[in-house]
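S.K.: Starting off with a structure, shown below.
The values are calculated or read from the model by the stated rules, or taken from the named source; none is laboratory data. Remember, it's a predicted structure, so these values are computed and weren't measured experimentally. All Cβ positions, glycine included, derive from the backbone under ideal geometry; neighbour counts span all protein chains shown. Ligands, DNA and RNA are excluded from the accessible area calculation, which covers all protein heavy atoms including side chains. Shrake-Rupley method; radii C 1.70, N 1.55, O 1.52, S 1.80 Å.
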Amino acid sequence: MAFPKNFTWGVASAAYQIEGAPSEDGKGPSVWDMFCRKPGAIWNSQTGDIACDHYHRWRDDIALMQQLGIKAYRFSISWPRVLPDGTGPVNEKGLAYYEQLVDTLLAAGIQPWITLFHWDYPLALYHRGGWLNRDSAHWFAQYASVITNRLSDRVSHWMTHNEPQCFIGLGLQTGIHAPGDKLRFAEVAQAMHHTLLAHGQAVQVIRAQAKLKPTIGIATVGGAHMPATDSPADIQAARQKMFSTTQKDAWSIAWWMDPIFLGHYPADALQLYGTEAPQVRPGDMETIGQKLDFLGLNIYSGLTFRAGPDGQPAEVPLPPGYPKTTQDFWAVQPTSLYWGPRYMYERYNVPIVITENGHQNADIISLDGQVHDPQRIDYLHRYLRELARASHDGIPVQGYFQWCFTDNFEWAMGDAIRVGLVYTDYPTQRRIPKDSAHWYTNVIQTNGAEL
Ligand code: BGP
């Protein structure tokens with residue numbers, strides 16, 4: 001059950017979920033600043049205006065990470081904090097903030113992994129059409145250039161987008177995330193294409209301009225499927241289901257990943273989308289298909305399939321009383337951390353990093369003043385054993401980032417759920433490492449040998 005020697009053990013976060021300070025030091029508004037004002041959009045009408053107040057408490061948070069033995073930190077940069085209008089003049093104070101953050105992480109022996117875009121899209125650019133506008137790819141590339149020029153002498157690990165499935169699917173199609181739109185599918189498809197173009201252009205910019213040799217990836221929703229048994233027929237059924245496109249929405253893994261790694265959109269999707277498929281210009285697929293150094297997978301759960309009587313994949317329903325996480329009722333499915341990396345590696349042949357995995361819970365401070373979270377420890381233990389098994393079976397898994405460091409603003413669910421290793425006492429902003437944080441410290445120190 002061993003992990004490779006140089007395995008990266010980290011924690012993850014995203015700017016809007018932790019920073020607060022939505023208009024401080026010249027930051028421009030993002031679509032999330034707008035969306036949180038919409039009545040009924042967020043649980044209990046909450047906002048990320050304060051969140052974990054990390055914009056003011058980052059030194060303490062990094063000190064706590066160091067104390068807990070965290071080796072790497074995946075965080076995102078708030079695009080409108082650096083470019084208040086999305087393009088044009090740079091906000092020096094915003095850039096200086098991330099520069100200090102990076103310097104302090106490095107001084108603490110923690111490797112920075114930067115996500116360029118984790119959903120807080122500049123409001124000014126949304127008013128210019130956002131991802132619907134083909135220029136959005138250039139806007140993103142310009143932003144990538146600003147960040148690369150300033151930070152790439154110290155940072156070498158980069159991710160372009162976090163979960164494009166979510167910011168397009170939930171943001172532009174179902175409207176439950178910012179900016180809250182419900183577009184026609186043809187528009188959704190075009191926005192997906194521009195998102196991919198933006199990814200490709202940003203990769204080109206980082207490769208061309210980075211001072212330290214860059215390691216570049218994208219963080220996608222793993223959407224892991226698992227076979228009901230180890231029979232070849234079931235393994236093939238789950239694989240087939242995982243990479244087929246059967247609905248007109250933003251959740252197809254193959255739609256997002258095939259162009260990046262295989263150079264084309266999947267044929268079944270193009271057929272299904274028909275006249276609603278996006279307009280693709282000559283050269284687009286080459287731009288999108290830039291070589292990546294790793295594929296980031298955010299995996300929390302998964303669905304089980306078997307080969308049905310007709311040979312087609314059939315979903316195996318969850319048993320009554322299945323183990324689940326608190327709010328979303330996501331099933332606890334440890335083998336998703338085996339099959340997700342395995343299927344993805346087999347299809348795309350690129351090293352894998354688990355960029356998110358974690359457990360939603362209703363954590364409380366107990367009478368003894370501690371936060372006991374045995375469910376999270378059990379969840380992480382089971383999942384990490386499966387990841388170790390994938391590694392043992394030859395899947396090149398290079399790192400694991402626990403979502404998330406501190407409990408934070410969980411998008412439309414606000415603070416209704418807690419996913420952190422560290423409890424955030426929002427009224428006082430006190431941080432209390434949960435039992436799982438100490439457990440994770442030991443996992444890191446032993447490189448997972450005791451799992
Ligand atoms: C992912 C996002 C994260 C985080 C995580 C936790 O989709 O990339 O930003 O929110 O999910 O999910 P949930 O809030 O549903 O527990």
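S.K.: Over the chain, with every protein chain in place, what whole percent of the accessible area is carbon and sulfur at 1.4 Å, could you tell me?
M.R.: Exposed carbon and sulfur together represent 53 percent of the surface.
S.K.: So what is the accessible area of region 45-86 per residue, in Å², with the probe set to 1.4 Å?
M.R.: Here the per-residue accessible area is 34 Å².
S.K.: For the pairs LYS27/LYS324; LYS5/LYS213; LYS213/LYS434; LYS93/LYS213; LYS182/LYS211; LYS5/LYS291, flag any whose C-alpha to C-alpha distance is greater than 32 Å.
M.R.: Listed pairs above 32 Å: LYS27/LYS324; LYS213/LYS434; LYS182/LYS211.
S.K.: Determine the gain in length on full extension of the stretch SER231-THR174; use 0.36 nm per residue of separation and subtract their C-alpha separation, reporting nm with one decimal. Don't skip to the end; give the middle numbers.
M.R.: On the way: separation 57, 0.36 × 57 = 20.52 nm, distance 3.70 nm.
Fully extending the segment from SER231 to THR174 adds 16.8 nm.
S.K.: Still on this structure, please answer the following. Take the Cβ-Cβ distance between LYS291 and ARG382 as r, set R0 to 35 Å, and report the resulting FRET efficiency rounded to the nearest 0.05. Intermediate results must be reported in sequence, preceding the final value.
M.R.: Details: r = 34 Å, r/R0 = 0.97.
The value I calculate is 0.55.
S.K.: If you don't mind, there's one more thing I want to ask. Accessible area per residue of region 88-216 at 1.4 Å probe, in Å²?
M.R.: For region 88-216, the per-residue accessible area is 32 Å².
S.K.: Something else about it: If amide H atoms are built 1.01 Å from N in the plane of the peptide, which residues on other chains or at least 5 residues away come under 5 Å of the amide H of LEU297?
M.R.: Long-range HN contacts for LEU297: THR220, VAL353, ILE354, THR355, GLU356.
S.K.: So if we plug the beta-carbon distance of ASP425 and HIS138 into 1/(1 + (r/R0)^6) with R0 = 51 Å, what FRET efficiency do we get, rounded to 0.05? The partial results should precede the final answer.
M.R.: Details: r = 43 Å, r/R0 = 0.85.
Once rounded, the FRET efficiency stands at 0.75.
S.K.: Give the span of the chain's Cα atoms along each principal axis, as three whole-Å numbers ordered largest to smallest.
M.R.: Computed over the chain, the largest-to-smallest principal extents equal 60, 54, 46 Å.
S.K.: Longest exposed-loop-site-free stretch of the chain, with trypsin sites (Lys or Arg not before Pro), DSSP loop and at most 12 other Cβ within 10 Å?
M.R.: Looking at the chain, 292-451 is the longest stretch - no exposed trypsin sites (Lys or Arg not before Pro) with at most 12 other Cβ atoms within 10 Å.
S.K.: Okay, moving on. How big is Rg to Rh over region 257-340, alpha-carbon atoms, Rh as the Kirkwood inverse-mean-distance radius?
M.R.: Ratio value, two decimals: 1.08.
S.K.: Provide the packing ranking of 215-221, 284-290, i.e. peptides ordered by the mean count of other C-beta atoms within 10 Å per residue, highest first. Before the final figure, lay out each step's value.
M.R.: Details: 215-221: 23.1, 284-290: 18.1.
Averaged packing, sorted descending, gives the order 215-221, 284-290.
S.K.: Pairs of Cα atoms under 8 Å, at least six residues apart: use those to get the relative contact order of region 292-451, whole percent.
M.R.: Values: 260 pairs, mean separation 35.6, N = 160.
Relative contact order, region 292-451: 22 percent.
S.K.: Once amide H atoms are built 1.01 Å from N in the peptide plane, which residues 5 or more positions from ASP363, or in another chain, come under 5 Å H to H?
M.R.: It is ARG418, by chain and number.
S.K.: Rolling a 1.4 Å sphere over the protein heavy atoms, what is the accessible area per residue of region 321-413, to the nearest Å²?
M.R.: Computed with neighbouring chains in place, this is 37 Å² per residue.
S.K.: Right, here's the next one. What are the residues whose amide H is under 5 Å from the amide H of THR115, where those residues sit 5 or more places off or on another chain and H is modelled from the backbone?
M.R.: PHE75, SER76, ILE77, MET159
S.K.: For the chain, what does the helix formula give at 222 nm: sum of -39500 (n - 2.57) over DSSP H segments with n ≥ 4, over the residue count, nearest 500 deg cm²/dmol?
M.R.: Values: 16 runs with 168 residues, N = 451.
Result for the chain, helices only: -11000 deg cm²/dmol.
S.K.: Measure out, as a whole number of angstrom, how far apart the alpha-carbon centroids of region 144-175 and region 27-101 sit.
M.R.: Distance between centres, Cα-based: 13 Å.
S.K.: Starting from one equal scatterer on each C-alpha and no solvent at all, send me the Debye-based log10 I(q)/I(0) for region 50-200 at q = 0.09, 0.17, 0.18 Å⁻¹, two decimals.
M.R.: Calculated log10 I(q)/I(0) at the listed q: -0.31, -0.99, -1.08.
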